[in-house]
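Just below is one structure, and these are the notes that go with it.
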Amino acid sequence: MERVKLDIWVGIFVALGIIAMFYMATRVGNLTSNDVKETYEVKAYFENIGGLKPRAAVKASGVVVGRIGSIVFDPEAFHAVVKINIDERYSFPTDTFANIYTAGLLGEQYLSLEAGGDEVNLKAGDLIVHTQDAVVLEKLISQFLYNSAGEDDDKDKD
Amino acid sequence: MNNILNFFEKLGASARSSLSGLGSCARLFFLTIIYSSDSFKRFNLTIKEIYFTGVLSLVIIIVSAFFVGMVLGLQGYYTLEKYGSSEAIGVLVALALVRELGPVVTALLFAGRAGTAITAEIGLMKTTEQLSAMEMMAVSPVARIVAPRFWAGMISMPILATIFSMVGILGGYFIAVLIIGVDDGAFWSQMQANVDFHNDIVDGAIKSIVFGFTCTLIALYQGLVAPPTAEGVSRATTKTVVISSLSVLGLDFVLTSFMFV
Amino acid sequence: MDENLISINKLSFGYGKELLHKDINMQFNRGKVSAIMGGSGCGKTTILRLIGGQLKPNSGNVNVDGKVVHEQGREGLRNIRRKMGMLFQHGALFTDLSVYENVAFPMREHTDLPENVIKDLVLLKLNAVGLRGAHKKMPAELSGGMARRVALARAISLDPDIIMYDEPFAGLDPISMAVICDLIRSLNDALGATSIIVTHDVAETFSFADYIYFLADGGVAAEGSPKQLLASKLPFVKQFIHSEKDGPVPFHAEAPSYQSDLAL
């Protein structure tokens, strides 16, 4: 076959590969939608992180504003230390609440930030004081059972 | 008693021969790397091989990818529907393709289509003394024949696997959204929320590069060591498919356990 | 200048443990056509491969133009091989390249000649073997004799000092055979090259070779000019030259006695 024709075909082939990769990155994957580049790091302590994992989403009002950096256990204070990378474009007051929620009933867990009213904003290295642990299903159920049992007792008294 | 001894003798011999085969393969790889600078200077040789291994494999890759995607869409839908989460069909199809089926099925098709062609071609060149003739002309067959095919395989394979995944997802979309009627927006948004570029797409691409390396090297090696007879070449071709397929599936398990834990 | 371009000294070689050649000595003179003859499977082609450095001798050496072939590194071997042209038994043309590209192949690999010079040279070489008109054809479209002539044109494309022919007459019709004979002689004289022919065709070889070696039982059984050999009284040479069935070369392969095979 002629060399020029060959070159054209191979060129088309490689271009198709690049298009496919681009398609995978933008349409299938989440490269552009969660484009978190420049970040600053703050930390938060939790008694129980549930199923939160590194690289999980950090959301404010449902919008992704950052990613979980690392999660370690502090053996002296006996709690989890979670490093949070927040997009530089967003700043939050120092009295912001950090809650661990679950996306849907069986979905992945993520960290939700709810802004407080303080004038001063969080800087890199700061600590988020107000945290709420992940909801552990077993605890919830046992609580529910205990409460309903209590209610039954109350009825008996009446 | 004699039978048992015989069995162990054969076992030992086959273990030894497969180990020495692995060693020779590694040697072939290093020789290829050494001679690659020669063949990069004349890249049109590699382009010609990309045409044969890559461009000519496009049709089989695209057609099978579309069917695989459609089957995934259909089967996934019936299973997910039982749990009331048929919107997750997009994630299922995309993850299955990007992580596993894209690289693995492409590698198997590649071994069957391009790998056998490489083995048969080199085996016949050896049989008809073309490799000897080249050597006597002070031209290294590794530089002229092996290296261009090796790089063509290494380049073609990731491209083919990416195209496979893309077409497969479109096949799943075709069935799930256009035929069955799953919500279009949910299909894509669930997919985008759960397919990670670094952890899924890049890891899938790494898999396909490893498979491309394995399949091409095995095909080249089998061609070079094929006995110079009609029977020898046909056996080498069969071996290429068998060994490549087993290596790909085995390596896939190893890579998966490294990547997605 | 040494009169012997190639000399083989006390060479022993075997593919396995059994030796194919034992202590062989040969000399190939400059500008001469020498032939190596012998029955099938006596290791004639192997000698060409040893000269070309594709095989390493078990002991002894092959000396080409003052250099020991098997002691050369990659670069040295390259330089020696660039002076050699080899015609393989079935031509060994590159089946994916046209006749023109086959002949141009060594030039493209080893020289930086511009395309128009290469074209002139290729057509010149093809003209020398009488196939200038077939330069656009693919090897599969050629007859056996034509393919071998193209291979010859390729072998001489870099004007080698040494041309080796591996069974140049095998499987050719008498006319093609005569053409090849003629070509070998005329190319040798025109290029001032040294030719080595491996063959078992007696009549053709005796008609134009300058010196002939007979190989048998792993050694040189006889050597000399065609005239000397025709006058030879050695039973092996007589049997070979006159193609007699009975003689020192047995018809049967070595085997246990017939009776024991039949379990008598």
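The values are calculated or read from the model by the stated rules, or taken from the named source; none is laboratory data. Keep in mind that what you see is a predicted model, and the values were worked out from it rather than measured. Cβ: placed from backbone, ideal geometry, glycine included. Neighbour counts: every protein chain shown.
Can you name every residue in segment C:113-141 that is in a loop (DSSP other than H, G, I, E, B) and either surrounded by 19 or more Cβ atoms within 10 Å (Cβ to Cβ) or within 12 Å of chain B (Cβ to nearest Cβ) (or both)?
C:VAL129, C:LEU131, C:HIS135
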Of the residues that sit in segment C:36-46 and are in contact (Cβ under 8 Å) with a residue 40 or more places away in the chain and over 22 Å from B:PRO141 (Cβ atoms), which one is surrounded by the most Cβ atoms within 10 Å (Cβ to Cβ)? C:ILE36
Report whether or not B:GLY153 is within 21 Å of B:LEU108 (Cα to Cα), surrounded by 22 or more Cβ atoms within 10 Å (Cβ to Cβ), in contact (Cβ under 8 Å) with a residue 24 or more places away in the chain and within 11 Å of chain A (Cβ to nearest Cβ). no
Between residues in segment B:123-138 that are more than 7 Å from every other protein chain (Cβ to nearest Cβ) and residues that are small (Gly, Ala, Ser), which pairs lie under 6 Å by C-beta distance while being six or more apart or on different chains? B:GLY123/B:GLY223; B:GLY123/B:ALA226; B:GLY123/B:ALA236
Condition first: part of a strand (DSSP E or B), among the polar types (S, T, N, Q) and under 15 Å from the mean Cα position of the chain (by Cα). Now tell me which residues in segment C:30-62 satisfy that. C:SER34
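Using the structure shown, decide if C:ILE51 is among the aliphatic types (A, V, I, L, M), in contact with a helix residue (DSSP H, G or I) (Cβ under 9 Å, 6 or more places away or on another chain), within 14 Å of chain B (Cβ to nearest Cβ) and buried (at least 17 other Cβ atoms within 10 Å of the Cβ).
Against the criterion (among the aliphatic types (A, V, I, L, M), in contact with a helix residue (DSSP H, G or I) (Cβ under 9 Å, 6 or more places away or on another chain), within 14 Å of chain B (Cβ to nearest Cβ) and buried (at least 17 other Cβ atoms within 10 Å of the Cβ)), C:ILE51 qualifies.
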So which of B:PHE253, B:PHE164 ends up being in contact (Cβ under 8 Å) with a residue 12 or more places away in the chain and part of a helix (DSSP H, G or I)? B:PHE164
Can you tell me which residues in segment C:63-112 are within 22 Å of B:THR127 (Cβ to Cβ), in a helix (DSSP H, G or I) and more than 12 Å from chain B (Cβ to nearest Cβ)? C:VAL99, C:GLU101
For segment B:167-186, name all the residues that are over 29 Å from the mean Cα position of the chain (by Cα) and assigned to a helix (DSSP H, G or I). B:VAL177, B:LEU178, B:ILE179, B:ILE180, B:ASP184, B:GLY185, B:ALA186
Where in segment B:1-83 are there helices (runs of 4 or more DSSP H), lying wholly inside it, with at least 2 residues that are within 30 Å of B:PHE174 (Cα to Cα)? B:43-53, B:58-82
Exactly one condition in (1) in a helix (DSSP H, G or I); (2) surrounded by fewer than 18 Cβ atoms within 10 Å (Cβ to Cβ) is not met by B:PRO227; state its number. (1)
Top-ranked residue in segment C:70-119 [being more than 16 Å from the chain's Cα centre (by Cα) and polar (S, T, N, Q); ranked as farthest from C:ILE163 (Cα to Cα)]: C:ASN116
Just give me the residues in segment A:90-105 being touching a strand residue (DSSP E or B) at 6+ places or on another chain (Cβ under 8 Å) and in a loop (DSSP other than H, G, I, E, B), in sequence order. A:TYR90, A:SER91, A:PHE92, A:THR94, A:ASP95, A:THR96, A:ALA103
With the structure loaded, tell me whether B:ALA120 is away from chain A (no Cβ under 14 Å) and more than 30 Å from C:ILE80 (Cβ to Cβ) or whether it fails that test. yes
Please specify each residue of segment A:1-26 satisfying the condition of being within 7 Å of chain B (Cβ to nearest Cβ) and within 30 Å of the chain's Cα centre (by Cα). A:ALA20, A:MET21, A:TYR23, A:MET24, A:ALA25
Subset of segment C:1-24 (residues that are of a type outside the set (Lys, Arg) and part of a strand (DSSP E or B)): C:ASN4, C:LEU5, C:ILE6, C:SER7, C:ILE8, C:ASN9, C:LEU11, C:SER12, C:PHE13, C:HIS21, C:ASP23, C:ILE24
Of all residues in segment A:3-53, how many are in contact with a Ser or Thr (Cβ under 7 Å, 6 or more places away or on another chain) and modelled with pLDDT of 80 or more? 8
Any idea which of (1) within 24 Å of B:ILE155 (Cα to Cα); (2) of a type in the set (D, E, K, R); (3) within 13 Å of another protein chain (Cβ to nearest Cβ) is the one B:LYS207 doesn't satisfy? (3)
Could you check, for segment B:76-84, whether at least one of its residues is within 14 Å of chain A (Cβ to nearest Cβ), touching a Leu at 6+ places or on another chain (Cβ under 6 Å) and over 30 Å from C:ALA92 (Cβ atoms)? no
Out of segment C:161-201, which residues are among the charged types (D, E, K, R) and at negative phi? C:ASP161, C:ASP166, C:ASP173, C:ASP182, C:ARG185, C:ASP189, C:ASP201
Which of the helices (runs of 4 or more DSSP H) found entirely inside segment C:151-246 contain at least 3 residues meeting this: touching a Cys at 6+ places or on another chain (Cβ under 8 Å)? C:202-208
Taking the conditions exactly as written (within 27 Å of the chain's Cα centre (by Cα) and of a type in the set (S, T, N, Q)), does B:THR79 satisfy them or not? no
